[in-house]
Amino acid sequence: MNFSEHLPALQVVVPLLSAPLIVLLRSNGLAWAAATATSLMAFAIAVAITLGVLDGQTFPYSMGGWPAPYGIALGVDSFSAILLLIVSGASSFALLGGRPSLNSQIEAHRQPLFYAAWMLALAGLSGIVVTADAFNIFVFMEISSLASYVLIAGGPDRRALPSVFKYLVMGTIGATFYLIGIGLVYMMTGTLNLADMEVRIQGVADQSPILVAAGFITIGLALKAAVFPLHAWLPNAYTYAPHMVTVFLAACATKVSLYVLLRFDFFVFQQNLAGHAFQFATFLMPLAVLAVVVASAYALFERNLKRLLAFSSVAQIGYILLGASLVSTAGLTASGLHVFNHALAKGTLFLAVACLAMRFSSLHLQDLSGAAKSMPLTMAAFCIAGLSLIGVPGTAGFISKWYLIGAALNEGALGIGLAVIIVLSSLMAVVYIWRVVEAAYFHTPNTSAVNIKEAPRELLIITLLAALANIYFGVNSAVPVALASDAANLLMGHLQ
Amino acid sequence: MEVLGYYNYWVFAVLLMIGFYAVIARSNLIKKLLGLAIFQSAVFLMYITMNKVEGGTAPIIQKGVVDQIFSNPLPQVLILTAIVVGVSTTALGLAIVVRIKETYGSIEEHEIFEADLPK
Amino acid sequence: MSTEKLILGALLAPLIGAVAIGLGAKLSDNVREAATLITALILCAIVWTIVPEVLAGGRPQLTLAEVVPGIEIAFRIEPLGMLFAALASSLWIINSIYSIGYMRGNKEKNQTRFYIFFAVALSATIGIAFSANLFTLFLFYELLTLSTYPLVSHKGDENSVRSARVYLGVLLTTSIGLLLPAIIWTYLVAGTGDFTVGGILAGKLQGPAVGLLLGLFVFGVGKAAVMPVHRWLPAAMVAPTPVSALLHAVAVVKAGVFTVTKVIVYIFGVDFLFAEPSGAWLLYAAAFTVISASVVALRQQNLKRLLAYSTIAQLSYVVMAAAILKPLAEIGAAVHIVAHAFGKITLFFAAGAIYVASKKTEVHQLRGIGHQMPWTMGAFTIGALSMIGVPPTGGFVSKWYILAGAFQADNYVAVATIILSTVLNAAYFLPIIYLAWFAQPKAPQADHGEAPFPAVFALSVTALLTIGFFFFNGPVLELERQIVQGVSP
């Protein structure tokens, strides 16, 4: 076995093992350095996997050498590669640049523990993506969720505590629903391996338990993914979390749950449940449309910058779901792309928010008046990412909007309606991003904000780098497009 | 008979609903957590029930015994893991409740909500 | 230097200039303004270097990047774009001279920001002019909108911020809400968005869909200010006058009608659209805009708002000319872009000069001002005569071609519109000229004299150009004849 075959396992094992080591480190600086190094290593592994996937490799892996379906199997394809890239990428960006922000928000004596929890979250999220085993997904999901509860509650804002409690309750209910679902499937098929499940369900005579399982799994994961109207936990949790945690989680956490949802629906159920494509689409498409419209409307009237962006995230999850609910190659390509591009845009936006938070005590729009005068570079990054979120050409966000509208227009009359909604909600995004821009650029600064400097250098550099990535992938989208269209073909390939 | 034969599954469903109800209806955070624990335990019961094979015994291979029917060990292993997850969730939830009590002085949901309203 | 490098140079020169302006401002105001002028000169030189090649029938092109398979950021210079780029870059030099006089004379704040965004806006304009496909055009169209926002809201008081919001709101809403879907639709139907001689939609689309797509394009290009998406233009008049003059009489609005013309000629194809009855509404919409904007202009007291409504009317002249769908009228549309640019920039320069010298903004205040500011009002008169279409001014040439095209198509709606609007133009411009030269001021006026020299110089040059265009329009016509090659007469 050569080294590259171990990559999927290493993707999880490296951060998992680093967590206890980081706890033992006494110095905060060392703990940060170790966490950052681990995260970068995970990112490097993800890049290596992506390159392999682009070459056509699949990385099958059997844990402990036990062959599937008896042992636990891992595997990655182009869809997982997208997720691995954004999970490890978001973590690395947040840790590399985030030290000043974290130092100001996390109590010094808790920092090693905090970084350890971060590593667990990273391991959990990566684990969900690489594993091919239904129960293993549950375990990793709970590892990542428990770690994220800790991370979110780690900040100085007391309102994080009730928010995280709500998240914990709703997250646990979601995970338990998922557990019930796979229990039912296991009862009928006797297997937990996803690929094996797909084959064995065909032989199941009575479909009703499978149908119930599909319902439980869909609802459970929708809860975890904050699909409208199950998004209630998200806005507050993202708003009151430490800023760097928001960067990390907003970029990838909900998308990983969506990834599992799509895997189940397309790999396991689509082919086996009569009319599942139709049920899937008719159930999720209205929710997606509502998410896009209602959450954007909330964002229009929100005054707290972080919560505004959090509501926008709910809307963006709607876009991803909308593409998938078209059940077409073009739609799934758009979804896969939007997973990637939204992670870029939202990650950058929250990084810029973290920069602002270093200097402004409140993130309400009226308190950010004139921020662009004192922090021009930060606001420039914010604007670029905002344009990307809106979907202006030349930025990454445009690419996915383009594919999404194209996919919608393939669907005839319904598609034209959907395209209109996408366009309308993009206009809403223009308005809510514009409100921030107007406050920052065109309002006179508050008297207290006169002596404000730019954000600390490392944070600023990372933020600008992330902003540049938005432009780079807006002009040269070959890699994400290749991954996403390959992923879409894979998902649709199971539909014959 | 058909209905009673699924006795365990009925208990599972009832427990699930009791737990769910407590999570939604109770304002007290500890009671919510208890509801959550019941909710999770219901699922443990479902897994334990499904591994039972009629006439099966504990899956231990003994010398000289052949063609023995075993209960399916896999769900038990799974549920051990799930129990660990459940316990840690409850523990973490309780830890959060403790901190909420420290900072807000209350564990009633509506009081906490009111405490954060802008004055 | 190869032509590809020249294209890139034309795009980058204003951007580099913007940086130079920002750095120069740290040294002194003079360095900053020198940087502006030098950038304008360089840009103009680059653009004019490309002209001979295009006149000779060359179509230089450059592909920067392929964003998504089939969608490229690419540039390709055809005659219409060449004309537009040459016009905008040449007038930028004169406008920069004028800006210096105006901004210093008015002691405006944030002058550095002003010059920087002006340069960025010019880069966007060149990008629009040279774009080879709809996607690239859209990219620079949005850049132009965004980069002109700080110019419109320059004053920073509540009134200008509110107007600037209308400006941005209308332009962004129409472009994202209508133009972008139209572009995506085009790509889906035709498989490409490249500007191609003869159009790309023939045979791919028929029936009412053609009219609908045309509507998405025409109203999506809010910058063309076809009613009812004209609201932003009067709102934009809060900007300093050099902005109104170059951007809202030349670059931005002409980018709008240029886009509409280009879409009609190179996307739909003149012959295809002529054969398709569902596209005929455009002519009536444009004719309606011409007449009603002129009527509104009649009622305006504020000089700049009057000019703004006049611009709306004149822009729809171009759209209407393009919508006649006959070769002579297409030439007329292109010529009118140039003729109106010279005339209207002169009028705005004059309005700004009056404001700098006397702080007067209303029409009724202008009694007898011609005696105090003879150069300014002389230029104003020439500009106004060009708007009406009196020889020997540039406005006459374009009206001639548009009328000829209308007769060629036996389109009497267009003929009647042109005649009626000429009467209306005369009705709102002649009283101003009369007031300025022949009326006596009611109260004794302070002796303010002429505006600063750079301003007077600039407006004299453009007034001369307005007259000059009547006599020397050969190269423009030669360039534009190439557009309509292959179109049935």
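Here are the numbers for the structure shown:
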{"read-out": "About the Cα centre, charge dipole magnitude for the range C:280-489 (Lys/Arg +1, Asp/Glu -1 at Cβ), debye", "value": "480"}
{"read-out": "Under 5 Å, built H, 5+ apart or other chain: amide partners of C:PHE75", "value": "C:LEU62, C:THR63, C:LEU64, C:ALA132"}
{"read-out": "Shielding by other protein chains, A:471-484, mean Cβ within 10 Å", "value": "2"}
{"read-out": "Shape parameters for the range A:284-496, alpha-carbon atoms, Rg then Dmax in Å", "value": "17.8, 65"}
{"read-out": "Two-site label geometry, C:VAL189 and A:ALA274: point separation in nm, points 7 Å out along Cα→Cβ", "value": "4.2"}
{"read-out": "Cα gyration tensor, the range C:1-78 - rounded (a/c under 1.5), prolate or oblate", "value": "oblate"}
{"read-out": "log₁₀ of I(q)/I(0) at q = 0.13 Å⁻¹ - chain B, Debye sum with one point per alpha carbon", "value": "-0.68"}
{"read-out": "For the range A:51-120 and the range C:400-428, distance of Cα centres in Å", "value": "70"}
{"read-out": "Selection from C:ALA321, C:LEU246, C:VAL189, by position along the positive dipole direction of the protein assembly as shown (Cβ)", "value": "C:LEU246"}
{"read-out": "Ranked list, fewest to most other Cβ atoms within 10 Å of each Cβ, for C:ASP271, C:ASP410", "value": "C:ASP410, C:ASP271"}
{"read-out": "Per-residue HN-Hα couplings for the range C:189-194 [Karplus 6.51, -1.76, 1.60; θ = phi - 60°; Hz; x = Gly/Pro]", "value": "6, 8, x, 7, x, 5"}
{"read-out": "Gyration tensor verdict on the range C:391-487 (Cα atoms; rounded if a/c is under 1.5, prolate if a/b is larger than b/c, oblate otherwise)", "value": "oblate"}
{"read-out": "Given charges at Cβ of Lys, Arg, Asp, Glu: chain A dipole, positive-most of A:ILE201, A:PHE280, A:ALA46", "value": "A:ALA46"}
{"read-out": "Nonlocal amide H pairs with C:ARG231, under 5 Å, H built at 1.01 Å", "value": "none"}
{"read-out": "Reduced Cα scattering model of the protein assembly as shown, Debye log10 I(q)/I(0), q = 0.04 Å⁻¹", "value": "-0.25"}
{"read-out": "Inter-centroid distance (Cα atoms) of the range A:269-328 relative to the range C:59-100, Å", "value": "40"}
{"read-out": "Principal-axis tilt of helix A:78-105 within chain A, Cα atoms, nearest 10 degrees", "value": "30"}
{"read-out": "Under 22 Å from A:LYS453, Cα to Cα: lysines that are on another chain or at least 8 residues apart", "value": "A:LYS306, A:LYS373, C:LYS26"}
{"read-out": "Contact order relative to length of the range A:284-496, as percent, for alpha carbon pairs under 8 angstrom and 6 or more apart", "value": "30"}
{"read-out": "Rel. contact order, % - alpha carbon contacts under 8 angstrom, at least six apart, the range C:377-470", "value": "47"}
{"read-out": "Modelled FRET efficiency - R0 45 Å, B:TRP10 with B:GLU108, Cβ distances, 0.05 increments", "value": "0.85"}
{"read-out": "For the range B:65-80 and the range A:158-185, distance of Cα centres in Å", "value": "29"}
{"read-out": "Shielding by partners, peptide A:132-141 (average Cβ within 10 angstrom, other chains)", "value": "2"}
{"read-out": "Cα-Cα pairs of the range A:353-408 separated by more than 19 Å (percent)", "value": "42"}
{"read-out": "Straight-distance crosslink candidates among aspartates and glutamates, where the alpha carbon sits under 19 Å from C:LYS344 and sequence neighbours closer than 8 are dropped", "value": "C:GLU362"}
{"read-out": "A:GLY154 long-range amide H proximity, modeled H, under 5 Å", "value": "none"}
{"read-out": "Estimated 222 nm signal from helices in the protein assembly as shown, with DSSP H stretches of n ≥ 4 weighted -39500 (n - 2.57), rounded to 500", "value": "-24500 deg cm²/dmol"}
{"read-out": "Nearest-ten-degree value, helix A:134-152 long axis tilted from longest Cα axis of chain A", "value": "10"}
{"read-out": "Positive-pole candidate from C:VAL257, A:ALA121, C:ALA20, dipole of the protein assembly as shown, charges at beta carbon", "value": "C:ALA20"}
{"read-out": "Folded to 0 to 90 degrees: helix A:329-359 orientation relative to chain A principal axis, Cα", "value": "30"}
{"read-out": "Length-normalised contact order for the range A:227-360 - Cα pairs under 8 Å, 6+ apart - percent", "value": "34"}
{"read-out": "Residue order, fewest to most beta carbons within 10 Å, for A:TYR167, B:TYR9", "value": "B:TYR9, A:TYR167"}
{"read-out": "Histogram of C-alpha separations across chain A, 20 Å bin width, %", "value": "25, 59, 15, 0"}
{"read-out": "Convex hull volume of the range C:280-489 per residue (C-alpha atoms, cubic angstrom)", "value": "99"}
{"read-out": "For q = 0.09, 0.11, 0.12 Å⁻¹, Debye-computed log10 I/I(0) when each Cα of chain C counts as one equal scatterer", "value": "-0.55, -0.84, -1.01"}
{"read-out": "Given charges at beta-carbon only (K, R positive; D, E negative), |dipole| of chain B in Debye", "value": "220"}
{"read-out": "Sequence of C:PHE84, C:PHE438 once ranked by neighbouring C-beta atoms within 10 Å, starting from the fewest", "value": "C:PHE438, C:PHE84"}
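Readers should treat all values here as calculations from the given coordinates under stated rules, not as data from a laboratory. Quick caveat, the model's predicted, so the values are computed rather than measured. Neighbour counts are summed over all protein chains in view; Cβ atoms, including those assigned to glycine, are modelled from backbone coordinates with ideal geometry.
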